[in-house]
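Read through the structure below, which is laid out as structure tokens, and then see the notes.
The values are calculated or read from the model by the stated rules, or taken from the named source; none is laboratory data. Everything numeric in this text was worked out from a predicted model, so none of it was measured. Here the Cβ is made from the backbone with ideal geometry for all residues, glycine too, and neighbour counts use every protein chain on show.
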Amino acid sequence: MSGVGPFGVWVIDAKRYKGRPRLQVEGGLLRPRVEKLVVRGRDQTKLVDGVLKQVGLVQPVVADVEVRGDVDGAAAALAARFIPS
């Protein structure tokens, strides 16, 4: 699904999940920091890869308009490296 608004184009993965997607951060001081998208306790980071692929397909079509991605409304919870800004 895509949406067009005053701040650009949004590519949204709007599947029905049983549970809200959330950001899980592991590691930090002694281990490398790892950020995962988790749904119902399962690593679903692959969903972010799918949205990024869709963003890459839309961006050339809309040229100078900003394109962002979202996984079921979880963009606010995702790290900046997951969603291009």
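So that you can scan it fast, the table gives a plain yes or no per residue for (1) touching a helix residue (DSSP H, G or I) at 6+ places or on another chain (Cβ under 6 Å); (2) at pLDDT below 85; (3) surrounded by 12 or more Cβ atoms within 10 Å (Cβ to Cβ):
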| site | (1), (2), (3) |
| --- | --- |
| Y17 | no, yes, yes |
| R20 | no, yes, yes |
| L29 | no, no, no |
| R40 | no, no, no |
| Q54 | no, no, yes |
| V58 | no, no, yes |
| R81 | no, yes, no |
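Cβ contacts < 9 Å: first residue in contact (Cβ under 8 Å) with a residue 60 or more places away in the chain, restricted to region 48-72; second residue assigned to a helix (DSSP H, G or I), any location; separation 6+ or different chain. Result?
Matching pairs, first to second residue: R68/V55; R68/A75; D70/V51; D70/A76; D72/L47.
Going through region 17-50 one residue at a time, which ones are in contact with a strand residue (DSSP E or B) (Cβ under 9 Å, 6 or more places away or on another chain) and among the charged types (D, E, K, R)?
If the condition is that a residue be in contact with a strand residue (DSSP E or B) (Cβ under 9 Å, 6 or more places away or on another chain) and among the charged types (D, E, K, R), then K18, R20, R22, E26, R33, E35, K36, D43, K46 are the ones that fit.
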